[in-house]
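Only one structure is covered here, and it is reproduced in the block below.
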Amino acid sequence: MVTKENRRFYVYLLIWMAVDFVQAILTNIHSDEAYYAMYGEFLDWGYYDHPPMVALMTFLSSLVGFGNLSVRLLTVLMHGGTLLFVWKTVSDKDFTISDVNRFFIIASSLVMFVLYGFVTTPDAPILFFTAMFFFLYKRYLEKKSLAVALLIGVSIACMLYSKYMAVLVVSFVLVSNLKLLKDWRLWLAVILAAALFVPHALWQVNNDFPSLRYHLVLRNDSFSWKYPLEFIPNQLLIFNPVCFFLVLYFCWKSRRCEDRFLRACMFVFVGFVIFFWIMTIKGHSEPHWTIVASIPAIIVLFWQTRDEKWTRRLNYLVLPFSAIIVVGRICLCADVASESTGFKDCKQEMTEVRELSAGKPVVFYSSFQLPSLYRYYTGAEGMALSSIYNRYTQYDILQRDKELQGKEVFAVSAYHFSSMQQIGDYELFYAEFSNFQGTNRVDIEVKDTKIENDSVLMDITLTNNYDIPFDFNHPGLPVMIGAMYMDVNDLKREYSQISNDLQIQPHQTVPLQIKFKLMRDIPFVICLANKVNISPNSKVMEL
């Protein structure tokens, strides 16, 4: 029998999803979403920045969706599933209409939780699979079952395929209930999750662990007090001040509770906050890295505010934030402040690039967002060439630019070089090359280093990974070699004088000796430079 309480929940859920559908259609695509849409064009078991779940989402959305829904359709559907899983976790047979109202009031006041209902990033699937994990874990605590344990294993694997921080969810749940270590069924669940994750692990091995090196090493920064000091204010924006402090209050108040599921929720929420606050010693912690904690936050808030007094307080305290979020959503639909939030409409801009290129392949310097937006808005091939001013991306794994050596190319950059012209009124510049020569796919390895007075003498090897000769005295794009010192506040180039007639045959490795000015205790990378790009070609080193 369908009760009026159940009807109320499903009516609210359908309204929520309908609003997300409209929002997904009317809100401009974010540059990061266009990047993940590119993932979906090249399905694989892994990507430079993230595991492959978001790529699968954009791929499936593109098969049945239209317009912006070709990127966001599955996100909207999964967010509805997230709400359903959380509701099935917190509700019981005695729930009331007041409980249904309170559930949606809490959920609608969590800023980033609402945002990931219509914006496609890896956070959308990990919210869904984390909600599934908590739903299954609660059922397992109520009645141990091998079938439920194996489903937990599947949910863990899906979380890992969404974002690596799934490891933290499982770890904090385990710490909250160490008796799980004696449960053979859950050991089978872990083995199943590990087995399902093998294809991605093999991809990491075959590609020299790009994701792990990026997240654990390359994102590190020197310590600054602003990082830990800005962390809590950022978290207040991610959740909202009332919910954030209320959850912490209830976690402290119920710290000695015997309910193993509630303990798991509290451990995950507090664990995420503390973990990423500690991580600020290594640099900036992105505010949304704690978004997974919104699932246990909703559960804790819902259960701890069931009495009439707290329900009334919650309505007064939280509803204003829900209203603010509604205003923000309307602004996104109306294209207000879209440039500052990353939701700028770039269709006209990219269409003009397409027209100017006249069918030539388009290469974008120092940006992975621009070629992704170009691909999204025009459907044409757009490639990225990384430089010392930006990080490596999935484009460096694809390396489709290797096919352009020696061909006609239309090059675009957000930076103005003397050889480039401005595109209309936009802050984009372009140049055309009849015989293009990129520098990114030449690998440099340092064999020996000597210090002579104020200079560094290095024996290096250069490997040409292109299919045509690489010419340092190229007629259109001659190349220089040198060190780029990455000072804290600046980049300093020190070039080395080499023979201009150096030419490296396809897939050949040649030795070379270079000399440049010494700057001690400053990390540097050996670069190849032409008049429009400076590419990092060696590993980062320090003398």
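Below is a table of values for the structure above.
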{"quantity": "Listed residue pairs exceeding 22 Å between alpha carbons, taken from Lys88/Lys179; Lys226/Lys517; Lys144/Lys182; Lys282/Lys539; Lys407/Lys515; Lys226/Lys539", "calculated": "Lys88/Lys179; Lys226/Lys517; Lys407/Lys515; Lys226/Lys539"}
{"quantity": "Highest to lowest packing among 65-73, 452-460, 293-301, scored as the average C-beta count within 10 Å", "calculated": "293-301, 65-73, 452-460"}
{"quantity": "Gyration tensor (alpha-carbon) shape descriptor, the stretch 208-357, a/c threshold 1.5", "calculated": "oblate"}
{"quantity": "Base-10 log of normalised Debye intensity for the stretch 245-313 (one unit scatterer per alpha-carbon) at q = 0.22 Å⁻¹", "calculated": "-0.93"}
{"quantity": "Two-decimal log10 I(q)/I(0) for the stretch 38-99, as the Debye equation yields it once each C-alpha is a single scatterer, q = 0.14, 0.19, 0.24, 0.28 Å⁻¹", "calculated": "-0.54, -0.73, -0.94, -1.10"}
{"quantity": "Packing rank of 423-435, 96-108, where each peptide gets the mean count of other beta carbons within 10 Å, highest leading", "calculated": "96-108, 423-435"}
{"quantity": "The chain, relative contact order [Cα under 8 Å, separation at least 6], %", "calculated": "12 percent"}
{"quantity": "Coarse-grained scattering of the stretch 277-381 at q = 0.10, 0.13, 0.14, 0.19 Å⁻¹, given as base-10 log I(q)/I(0) from a Debye sum over alpha-carbon atoms", "calculated": "-0.58, -0.81, -0.87, -1.07"}
{"quantity": "Convex hull projection area averaged over all views, the stretch 1-159, Cα basis, nm²", "calculated": "10.5 nm²"}
{"quantity": "Dipole magnitude of the chain about its Cα centre (Cβ charges: Lys, Arg +1; Asp, Glu -1), debye to nearest 20", "calculated": "2680 debye"}
{"quantity": "Per-selection metrics, the stretch 462-543 (Cα): Rg and Dmax in Å", "calculated": "13.3, 38"}
{"quantity": "Estimated FRET transfer efficiency when R0 is 45 angstrom, pair Glu355-Asn207 (beta carbons, to 0.05)", "calculated": "0.80"}
{"quantity": "Simple label model, 7 Å out from Cα along Cβ direction - Lys539 to Val327, nm", "calculated": "5.3 nm"}
{"quantity": "Crossing angle, helix 347-357 versus the chain [Cα axis fit, 0-90 degrees, rounded to tens]", "calculated": "20 degrees"}
{"quantity": "Translational diffusion coefficient (Stokes-Einstein; Kirkwood radius from C-alpha pairs) of the stretch 235-281 at 25 °C, 0.890 mPa s, in µm²/s", "calculated": "216 µm²/s"}
{"quantity": "Extension gain (nm, one decimal) between Val446 and Lys144, 0.36 nm per residue minus Cα-Cα", "calculated": "103.0 nm"}
{"quantity": "Estimated inter-spin distance, Lys182 and Phe42, nm [label 7 Å along Cα→Cβ]", "calculated": "5.1 nm"}
{"quantity": "Ellipsoid semi-axes in whole angstrom, largest first, where each is sqrt(5λ) of the Cα gyration tensor of the stretch 366-410", "calculated": "16, 15, 9"}
{"quantity": "Residue-averaged 222 nm ellipticity for the chain, from DSSP H runs of 4+ at -39500 (n - 2.57), nearest 500", "calculated": "-16000 deg cm²/dmol"}
{"quantity": "For the chain, the spread of Cα positions along each principal axis, largest first, Å", "calculated": "83, 51, 42"}
{"quantity": "Spherically averaged projected area in nm², based on the convex hull that wraps the Cα atoms of the stretch 388-543", "calculated": "9.9 nm²"}
{"quantity": "Full-stretch length increase - Arg219, Trp303 - with 0.36 nm per residue and alpha-carbon distance subtracted", "calculated": "26.5 nm"}
{"quantity": "The stretch 165-247 - charge dipole about Cα centre, Lys and Arg +1 at Cβ, Asp and Glu -1, debye rounded to 20", "calculated": "220 debye"}
{"quantity": "Leading residue at positive end of dipole, the chain (Cβ point charges), from Ser496, Ser535, Val148", "calculated": "Val148"}
{"quantity": "Pairwise FRET efficiency - His507 versus Glu403, Cβ, R0 = 22 Å, nearest 0.05", "calculated": "0.90"}
{"quantity": "Inverse mean reciprocal Cα-Cα distance (Kirkwood Rh) of the stretch 131-284, Å", "calculated": "17.5 Å"}
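We did not get these values from a lab; they are worked out from the coordinates using the rules stated. Here the structure is a predicted model, which is why all the values come from computation and not from measurement. Note that we place each Cβ from the backbone using ideal geometry, even for glycine, and neighbour counts take in every protein chain shown.
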